[in-house]
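Written below as structure tokens is the structure these notes are about.
The values are calculated or read from the model by the stated rules, or taken from the named source; none is laboratory data. Given the structure is predicted, the values throughout are model-derived calculations rather than measurements. Using ideal geometry, Cβ is built from the backbone for each residue, glycine included, and neighbour counts are taken over all protein chains shown.
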Amino acid sequence: MKVTAFISVISIFIGVAGIPLVWGDSDKHEKWQEYSRRSTGVALLDNPVYQQECGDCHMAYPPGLLPVSSWSRIMSGLEDHFGDNAELDKNTHTEISEFLTKHSSDKSDYRRSRRFTVVSDSGDAGMRITGTPYFLHEHDEIPPKLVEGNKEVNSFSNCNACHRYAEQASFREQDILIPGFGRWDD
């Protein structure tokens, strides 16, 4: 019991003593933010062509949410992209494909992205973020009525309805607000 109390006191001291070091220096603050993003988010990448072409119809999902095999399957079937025709000219198709491939979950060093790399038991990477084992694990306790039965959300693929900073590639649990329900904490 005494050892636990001692460790708690030391942890608090280190945490408090470290705050000025992290927050007092802007370079260290930026490094802390980057570390935090790497452990709780996915890479925030800017590709205007991807944003324009894909973001016009739905949230331009960060490439780190699917492995290369999934992005390749998606890009090879744009004539029937989840029920819509999303075909692109050759140059645009090539640019977006290269962007998605370069920054896919299996090429990322972000912890959350790496978790999206794990494929299903059948070995299929799938084409839906919402079908990945990691996504299913993270959302398994959320009652469908809060998502699919919620007019402000409608679908688990509407990430930015509940994840307030999804468009900034942050999916931290403390930032989740389900419309009509409030903060979610499992």
Meets criteria (more than 21 Å from D56 (Cα to Cα), of a type in the set (S, T, Y), surrounded by 13 or more Cβ atoms within 10 Å (Cβ to Cβ) and at pLDDT 90 or above) for S108: yes
Residue in region 163-183 that is buried (at least 17 other Cβ atoms within 10 Å of the Cβ) and more than 17 Å from M59 (Cβ to Cβ) present: yes
Breaking point among (1) closer than 19 Å to T132 by Cβ; (2) modelled with pLDDT of 95 or more, for E87: (1)
Residue in region 48-55 that is outside the structural domain of W184 (by TED's automatic domain parsing) and not in a helix (DSSP H, G or I) present: no
Top-ranked residue in region 85-105 [being more than 12 Å from S72 (Cβ to Cβ) and of a type in the set (V, I, T); ranked as surrounded by the fewest Cβ atoms within 10 Å (Cβ to Cβ)]: T94
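Report yes if some residue within region 110-119 is assigned by TED's automatic domain parsing to the domain that holds S69 and farther than 24 Å from L45 by Cβ; otherwise report no.
There is no residue in region 110-119 that is assigned by TED's automatic domain parsing to the domain that holds S69 and farther than 24 Å from L45 by Cβ.
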Residue in region 109-125 that is among the aliphatic types (A, V, I, L, M), touching a residue at least 40 places away in the same chain (Cβ under 8 Å) and under 27 Å from S72 (Cα atoms) present: yes
